[in-house]
Amino acid sequence: MPRHFDLCIIGTGSGNSILGPEFNDWDVAMVERGAFGGTCLNRGCIPSKMLIYPADLVELIRHTDRLGVKASVDSVRWTEIRDRTFGRIDPIAAGGRTYRLGLPNVTVFERDARFVGYKELQVGDETITADRFVLAAGARSHMPPIAGIDEVGAHTSDTIMRIDRVPDRLTILGSGFIAAELGHVFESFGAAVTIVTRGPGVLRQEDPAVSERVTQAFSHRFDLVTHATPTSARREGHEIVIQVDTPTGPRSIRSDELLVATGRIPNGGQLGVERTGVELDAEGYVRTDDTLQTAVEGIWALGDIRNPLQLKHAANHEAKVVAHNLSHPESPRRVSEARIPHAVFTSPQVGAVGLTEPQARHHGRPYVAVCKDYGATAYGWAMEDEVGFVKLLADTETRRLIGAHIVGAQASLLLQPLVQAMAFDEPVDRVAHEVFYPHPALTEVIENALIECAAALDAAG
């Protein structure tokens, strides 16, 4: 007879935060096949940022000469940086596991799991049932169908951050945020990095102006191989050889390590959620309504298993919504994903929220677009910045921001006042003219972009 629970949570990333005091009287099952804490803690945003911060310092030092400062990096102690990173993270993951194991109302199952029927889950050799399920099982790295790729010892973001030494040469397949961030890390720490992308540039999910500016910056730093289709991978001694087709003919790319960063696949299909009646969309994400309930009453989903944005702050918010809806089914909360910001911690940094310009056109929104370079402000002059810019999109009828896109130093921080303006539905005019921006802080580039946006709305109107 299967053991029955009040609640089963599958995945201990953001799903781990659901259990508050209101669930102390519930009999809860937690299922986790890996380390507690999920992708973000163990192999995603937190360890990568702990590596990126020293990489940022290296990149900053490289460019001090243009400011009249002669500086150099004497050495990068990779194992020290790596061990500092995971010496903090691994105990947190272990502590989370120990805490849950010690709760009298929680049973932890540390096995792979598959649904085998309606609200019936096979965990290892055991089968359990529950009145309610939360699907928070995340996503996994995608391995493209390239001949020989499984035999060459390719890394993904799951493994590359724990390697023993920085390779002399690193090839990266992919052009999204993982490729951009980890390319920045390893090039800063001494690797010669080649980035291979099927398209014309990097970060193609961003606004075209962002993708173009970052691609231009990357072309001076990496061997950027665009319009390239990898066809095979093989080992020759200690080298990994990637064969690619390009518009100018085939090319062999040789390196010491290979990082595959071609996206992440939601784990709903692997979990067999369809066997319990849960629906998947065309890309494999679990379908939910805006209360985060699936097509099956009593089964909710959150995080990367359902959200193509695959953002930790989105998953954390969704976990709060699910926690409330589990304990207060009579008054459910709802989510809106129209204004979720994101950032790419590469160099130059990227921050964005809302619609890109192609999306605004696709949705038929009447809009104006303005751009303002960092270098047009006093602090931008001080930095001798030639890369950074702010791009704003505003609806000509409502005079509200519908998109904001930033490239350059501290883009993730500069984005926040624009996120708040959108969240509180403030008109561009008010944010531009009724808010004080400290002079000569870099936030003046936000102020100036807003002033120009207000003027563009006047001209359009």
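Based on what the data block shows, is ARG66 out of contact with any Ser or Thr (no Cβ under 6 Å at 6 or more places or on another chain) and either surrounded by 19 or more Cβ atoms within 10 Å (Cβ to Cβ) or in a helix (DSSP H, G or I) (or both)? Steps first, please.
Numbers: out of contact with any Ser or Thr (no Cβ under 6 Å at 6 or more places or on another chain): yes; either surrounded by 19 or more Cβ atoms within 10 Å (Cβ to Cβ) or in a helix (DSSP H, G or I) (or both): yes.
Against the criterion (out of contact with any Ser or Thr (no Cβ under 6 Å at 6 or more places or on another chain) and either surrounded by 19 or more Cβ atoms within 10 Å (Cβ to Cβ) or in a helix (DSSP H, G or I) (or both)), ARG66 qualifies.
Among the residues that make up region 319-329, is at least one of them at pLDDT 95 or above, surrounded by fewer than 18 Cβ atoms within 10 Å (Cβ to Cβ) and among the charged types (D, E, K, R)?
Within region 319-329, one or more residues are at pLDDT 95 or above, surrounded by fewer than 18 Cβ atoms within 10 Å (Cβ to Cβ) and among the charged types (D, E, K, R).
For region 120-139, indicate whether the set of residues that are closer than 25 Å to HIS227 by Cα and touching a Lys or Arg at 6+ places or on another chain (Cβ under 6 Å) is non-empty.
Residues of region 120-139 closer than 25 Å to HIS227 by Cα: none.
Taking every residue of region 120-139 in turn, none turns out to be closer than 25 Å to HIS227 by Cα and touching a Lys or Arg at 6+ places or on another chain (Cβ under 6 Å).
Before we move on, is ALA136 farther than 30 Å from ASP164 by Cβ and touching a Cys at 6+ places or on another chain (Cβ under 6 Å)?
Details: farther than 30 Å from ASP164 by Cβ: yes; touching a Cys at 6+ places or on another chain (Cβ under 6 Å): no.
In short, no.
Going by the structure shown, is LEU258 farther than 24 Å from ALA343 by Cα, under 22 Å from the mean Cα position of the chain (by Cα), in contact (Cβ under 8 Å) with a residue 24 or more places away in the chain and buried (at least 21 other Cβ atoms within 10 Å of the Cβ)? Lay out the reasoning, then the answer.
Values: farther than 24 Å from ALA343 by Cα: yes; under 22 Å from the mean Cα position of the chain (by Cα): yes; in contact (Cβ under 8 Å) with a residue 24 or more places away in the chain: yes; buried (at least 21 other Cβ atoms within 10 Å of the Cβ): yes.
In short, yes.
For region 148-179, give me each residue that is under 24 Å from the mean Cα position of the chain (by Cα) and either under 23 Å from SER75 (Cα atoms) or not assigned by TED's automatic domain parsing to the domain that holds ARG254 (or both). Talk me through it step by step, then tell me what you get.
In the first step, residues of region 148-179 are kept if they are under 24 Å from the mean Cα position of the chain (by Cα); the result is 154-163, 166, 170-179.
Those that are under 24 Å from the mean Cα position of the chain (by Cα) and either under 23 Å from SER75 (Cα atoms) or not assigned by TED's automatic domain parsing to the domain that holds ARG254 (or both): ILE160, MET161, ARG162, ILE163, VAL166, LEU170, THR171.
Among the listed residues GLU126, GLU80, GLU110, identify the single one that is surrounded by 13 or more Cβ atoms within 10 Å (Cβ to Cβ) and more than 30 Å from ARG234 (Cα to Cα).
Working: GLU126 fails: surrounded by 13 or more Cβ atoms within 10 Å (Cβ to Cβ); GLU80 fails: surrounded by 13 or more Cβ atoms within 10 Å (Cβ to Cβ).
Answer to the selection: GLU110.
So which of GLY364, GLY375, GLY380 ends up being closer than 18 Å to VAL210 by Cβ and surrounded by fewer than 22 Cβ atoms within 10 Å (Cβ to Cβ)? Explain how you work it out, then say what you get.
Values: GLY364 fails: closer than 18 Å to VAL210 by Cβ; GLY380 fails: surrounded by fewer than 22 Cβ atoms within 10 Å (Cβ to Cβ).
None of the other options fit; the residue is GLY375.
Give just the number: which of (1) in contact (Cβ under 8 Å) with a residue 60 or more places away in the chain; (2) surrounded by fewer than 16 Cβ atoms within 10 Å (Cβ to Cβ); (3) within 24 Å of ASN267 (Cβ to Cβ); (4) touching a helix residue (DSSP H, G or I) at 6+ places or on another chain (Cβ under 7 Å) does ILE92 not satisfy?
(1)
Specify the residue that is farthest from ALA460 (Cα to Cα); the eligible residues are those in region 397-412 that are surrounded by fewer than 16 Cβ atoms within 10 Å (Cβ to Cβ) and either in contact (Cβ under 8 Å) with a residue 60 or more places away in the chain or among the hydroxyl-bearing types (Ser, Thr, Tyr) (or both).
Out of the qualifying residues, it is GLN410.
Restricting attention to region 268-277, report how many residues are among the polar types (S, T, N, Q) and in contact with a Gly (Cβ under 6 Å, 6 or more places away or on another chain). Full working, then the answer.
Of region 268-277, the ones among the polar types (S, T, N, Q) are 270, 276.
Remaining after also requiring in contact with a Gly (Cβ under 6 Å, 6 or more places away or on another chain): none.
So the answer is 0.
Please work out which residue is farthest from the chain's Cα centre (by Cα), limiting yourself to region 108-131 and to residues that are part of a strand (DSSP E or B) and among the charged types (D, E, K, R). Full working, then the answer.
Initially, region 108-131 is screened for residues part of a strand (DSSP E or B), giving 108-109, 113-117, 120-123, 126-131.
The next check asks that each one be among the charged types (D, E, K, R); those that pass are 114, 120, 126, 131.
Numbers: ARG114: 26, GLU120: 32, GLU126: 34, ASP131: 32 Å.
Only one residue tops the list, namely GLU126.
I need a count of the residues in region 134-167 that are of a type outside the set (D, E, K, R) and not in a loop (DSSP other than H, G, I, E, B).
To start, the set of residues in region 134-167 that are of a type outside the set (D, E, K, R) comprises 134-139, 141-149, 152-157, 159-161, 163, 166-167.
Retained after the next criterion (residues that are not in a loop (DSSP other than H, G, I, E, B)): 134-135, 139, 141, 147, 149, 155, 160-161.
Matching residues across region 134-167 total 9.
The values are calculated or read from the model by the stated rules, or taken from the named source; none is laboratory data. Predicted, not measured: the structure shown is a model, and the values here were computed from it. Heads up, the Cβs are rebuilt from the backbone with ideal geometry, glycines too, and the neighbour counts pull from every protein chain shown.
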